[in-house]
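Chemist: Supplied in structure tokens, the structure appears directly below.
The values are calculated or read from the model by the stated rules, or taken from the named source; none is laboratory data. Quantities reported herein were computed from a predicted structural model and do not represent experimental measurements. Ideal geometry is used to build each Cβ from the backbone, glycine not excepted, and the neighbour counts take in all protein chains shown. Side chains included, ligands, DNA and RNA excluded: accessible areas come from the protein's heavy atoms. Shrake-Rupley method; radii C 1.70, N 1.55, O 1.52, S 1.80 Å.
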Amino acid sequence: MSFTFVAVQTGTGNGVTSIATGSTLNVAAGDLLIGMVGVYNDPGTVTMADSDGTTNVMTMLDKKASGGGLYTRIGYVLSATADATASMTVTGTSNLGYAGWIVYQFRPDAGETVSYESSDIDATGSSTTPQTGDMTTTGTDEVMAALLYLYNGKQWSGNRWIADVEADGATSPRNEAHAWYNIFSETKTDAHAQALMGGSDTWLIDMVAFKSAAAAASGNPWHAYAQQ
């Protein structure tokens, strides 16, 4: 039992305050949505939601920024509202410069509940080997997703891992912005996201993890009968 990857949609923009995904998502009730955006300027306060601004509004994680002028924002919806034509949109209170916008859609098994595991392991640097800090997960059904934003991205070679496993899937809406994910059926210790590039660049990288679990049993009906 584990998450199922459903779809990914992306969008790009420069000098605008709002970017929608290029195509819509067919979102089912209970889906996990993860929104990721990389920007080459301070975008101010960022929100992520369906185009109406009120459906599937994402919970935003703490902002991340590097000294190189690189910014990332990550948001999520643990249990989405059904929308067969969801046009997910990212909005900033300042312009979004050279922005890459990515939305992942995953589906947990029926009857399971999704919860947020961990983040706050972002890292910055200038090299050919961007890598986050480490996290240890607690669930046995996990999806982990990484976001990498580069100063220029011209030397990208496309090698990406999470927990030392090649990415299950990856997307790059523009040279500067890259995202990838892995689905795991076991806990991970000291897990991190990393990439290998063809040339050195200034980078900002972050990763998030979510777990899915069945509801706890309500009790032993035989025990209740025996107490009568």
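Chemist: Using θ = phi - 60° and the Karplus curve 6.51 cos²θ - 1.76 cosθ + 1.60, what whole-Hz ³J(HN,Hα) does each residue of the range 4-21 get, with Gly and Pro shown as x?
Modeler: 10, 5, 9, 6, 9, 10, 9, x, 9, x, 8, x, 10, 9, 8, 9, 9, 5
Chemist: So, taking all protein chains as they sit and a 1.4 Å probe, how much accessible area belongs to Trp156, in Å² rounded to tens?
Modeler: So the heavy atoms of Trp156 present about 60 Å² to solvent.
Chemist: Below 8 Å, C-alpha to C-alpha, sequence gap of six or more: please give me the relative contact order for the chain in percent. Show your work: numbers first, answer last.
Modeler: Details: 671 pairs, mean separation 57.4, N = 228.
Once normalised by length, the contact order is 25 percent.
Chemist: Same structure, new question: Evaluate the relative contact order of the range 1-134 (contact order divided by residue number), counting alpha-carbon pairs under 8 angstrom at least 6 apart; express in whole percent.
Modeler: It rounds to 38 percent for the range 1-134.
Chemist: Still on this structure, please answer the following. Just name one of Thr129, Gln155, Pro108: the one whose Cα is farthest towards the positive end of the charge dipole of the range 86-196 (beta-carbon charges, Lys/Arg +1, Asp/Glu -1).
Modeler: Gln155
Chemist: On to the next question. Determine one quarter of the surface area of the Cα convex hull of the range 21-64, which equals its mean projected area, and express it in nm² to one decimal. Mind dumping the intermediate values first?
Modeler: Working: hull surface 16.0 nm².
For the Cα atoms of the range 21-64, the hull's average projected area reads 4.0 nm².
Chemist: P(r) tail for the range 18-130, what percent of Cα pairs lie past 21 Å?
Modeler: Values: 2445 of 6328 pairs.
Roughly 39 percent, rounded to a whole number.
Chemist: Where is the GNM fluctuation largest for the chain (alpha-carbon springs, 10 angstrom cutoff): Gly111, Gly92, Gly100?
Modeler: Highest fluctuation of the listed residues: Gly111.
Chemist: Counting just the Cα atoms, what span does the chain cover along each of its three principal axes? Round to the nearest Å and put the largest first.
Modeler: 71, 39, 24
Chemist: Report the net charge of residues surrounding Ser87, where surrounding means a beta-carbon distance below 11 angstrom and charges are Lys +1, Arg +1, Asp -1, Glu -1.
Modeler: Working: positive: none; negative: Asp50, Asp52, Asp83.
After counting each charged neighbour, the total is -3.
Chemist: Summing +1 for each Lys or Arg and -1 for each Asp or Glu, what net charge is found among the other residues whose Cβ lies under 15 Å from the Cβ of Val27?
Modeler: Values: positive: Arg107; negative: Asp31, Asp50, Asp52, Asp83.
Computed value for this residue: -3.
Chemist: Assuming 0.36 nm per residue, please report the length gained on full extension of the stretch Thr138 to Asp52 beyond their Cα-Cα distance. Please report the intermediate quantities before stating the final value.
Modeler: Numbers: separation 86, 0.36 × 86 = 30.96 nm, distance 3.50 nm.
Full extension from Thr138 to Asp52 adds 27.5 nm.
Chemist: With every protein chain left in place, what is the accessible area per residue of the range 86-161 in square angstrom, probe 1.4 Å? Before the final figure, lay out the partial values.
Modeler: Values: 2810 Å² over 76 residues.
I get 37 Å² per residue for this part.
Chemist: Round to a whole angstrom and tell me the spacing of the C-alpha centers of the range 5-44 and the range 108-178.
Modeler: Answer, in whole Å: 16.
Chemist: Give a residue-ordered list of calculated ³J(HN,Hα) values for the range 73-85 (Karplus: 6.51 cos²θ - 1.76 cosθ + 1.60, θ = phi - 60°; whole Hz; x for Gly, Pro).
Modeler: 9, 10, x, 7, 10, 6, 9, 6, 7, 4, 7, 6, 9
Chemist: For the chain, with all protein chains present and a 1.4 Å probe, just round the carbon and sulfur fraction of the accessible area to a whole percent. Show your work: numbers first, answer last.
Modeler: Details: 4520 of 9710 Å².
The C+S portion of the solvent-accessible surface of the chain is 47 percent.
Chemist: Rounded to the nearest 20 Debye, what is the dipole magnitude of the range 42-171 about its Cα centre when Lys and Arg each give +1 and Asp and Glu each give -1 at the C-beta? All intermediate terms of the calculation are to be shown ahead of the outcome.
Modeler: Working: 6 positive and 16 negative charges, 126 e Å.
The calculated dipole for the range 42-171 is roughly 600 debye.
Chemist: I need the phi-derived Karplus couplings for the range 123-140: 6.51 cos²θ - 1.76 cosθ + 1.60, θ = phi - 60°, integer Hz, Gly and Pro marked x.
Modeler: Listing the rounded values in order: 8, 10, x, 9, 5, 9, 10, x, 7, 6, x, 9, 9, 10, 8, 10, x, 9 Hz.
Chemist: Between Asp164 and Asn95, what is the spin-label point distance in nm, taking each point 7 Å from the Cα along the Cα→C-beta axis?
Modeler: That separation, rounded to one decimal, is 4.5 nm.
Chemist: Pop a pseudo-label 7 angstrom from the Cα along the beta-carbon direction at both Asp42 and Ala82 and give the gap in nm to one decimal.
Modeler: 4.4 nm
Chemist: What net charge do the residues around Asn56 carry, taking every other residue with its C-beta under 12 Å from that of Asn56, with Lys and Arg at +1 and Asp and Glu at -1? Could you put the intermediate results ahead of the total?
Modeler: On the way: positive: none; negative: Asp31, Asp50, Asp52, Asp83.
In short, -4.
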